[in-house]
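Some notes on the structure that comes next.
Please treat every number below as a calculation from the coordinates, not as lab data. All values derive from a computational prediction rather than experimental measurement. All Cβ positions, glycine included, derive from the backbone under ideal geometry; neighbour counts span all protein chains shown.
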Amino acid sequence: MEEWDREEIDEKLQKKMQRATDAVFDKQQELNGSLERLGLRPQGDDQAREVGNSRLAPADLRTAAYVVALSRVAQTASERGVWP
């Protein structure tokens with residue numbers, strides 16, 4: 001029977017959690033940077049902007065995490081040929 005020591009488990013878990021957190025932070029910056037490049041949000045402006053009838057607020061971490069998750073699901077589905 002294989003046995004794992006607690007330090008090894010904690011170290012691996014810490015690395016996974018750090019990579020996941022970094023991916024979400026990076027996606028948040030990417031999303032907010034896109035708004036700035038499109039002129040929909042001036043740099044450093046954290047307030048929602050009116051664009052037509054829509055309000056564009058800076059992407060929060062929850063939204064960024066959702067985008068990361070959906071991107072991973074879409075990538076996996078595409079690679080496996082799930083979509084018709």
Residues in the range 1-40 that a label on T63 would reach, taking backbone N under 17 Å of a point 7 Å out along Cα→Cβ | 24-40
For R6 and Q29 in one chain, what is 0.36 nm times their gap in residues minus the Cα-Cα distance, to one decimal in nm?
-> 4.8 nm
